[in-house]
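Read through the structure below, which is laid out as structure tokens, and then see the notes.
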Amino acid sequence: QVRLVESGGGSVQAGESLSLSCAASGRTFSVMGWFRQAPGQERKFVAAIWSGITYYADSAKGRFTISRDTAENTVYLQMNSLKPEDTAVYYCAVAGRLGGSIRATTFDYWGQGTQVTVSS
């Protein structure tokens, strides 16, 4: 069965960095990404990677970097210059194929989430 194991969440101060990881098992996936949900907010797209191409939300550009270790079937999210507004539960998600575009892609499996808290 498919299983996604997330790690790396925690509490940091504004301006500091944090790195998240998500190891997938059960099968390989062509699309791997990250979403986040802040208190009282909808779940939002953060970043994804497909065939070596990366995609970022405007809020993540210039600060976050998504990468993938294909041999380990693991996706990472390096978050630098963190801000209080980055505080959220971060979810790893995967998809078997690209749905024509990243925004048209259905992410089939989700991790349980890891809390990231940024204080000022």
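Just so it is clear, none of the values below were taken in a lab; they were calculated from the coordinates. Owing to the predicted nature of the structure, the values given are computational and were not obtained by experimental measurement. Quick reminder, even Gly has a Cβ in these numbers, built from the backbone with ideal geometry, and neighbours come from all protein chains shown.
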>> Show log10 I(q)/I(0) for region 53-110 at q = 0.20, 0.21, 0.22 Å⁻¹, two decimals, from a solvent-free Debye sum over equal Cα scatterers.
In response: -0.95, -1.04, -1.12
>> Could you identify which residue out of L98, L77, L20 has the top mean-square fluctuation in a GNM of the chain using Cα springs shorter than 10 Å?
In response: L98
> Computed over the Cα atoms of region 9-53, what is the ratio Rg over Rh, Rh following Kirkwood?
Replying inline: 1.03
> D for region 25-83, whole µm²/s, Stokes-Einstein with Kirkwood Rh over alpha-carbon pairs at 4 °C and 1.567 mPa s: what number?
Replying inline: 105
> How much net charge surrounds G9 when only the other residues with a Cβ under 14 Å from the Cβ of G9 are counted, with Lys and Arg +1 and Asp and Glu -1?
Replying inline: -2
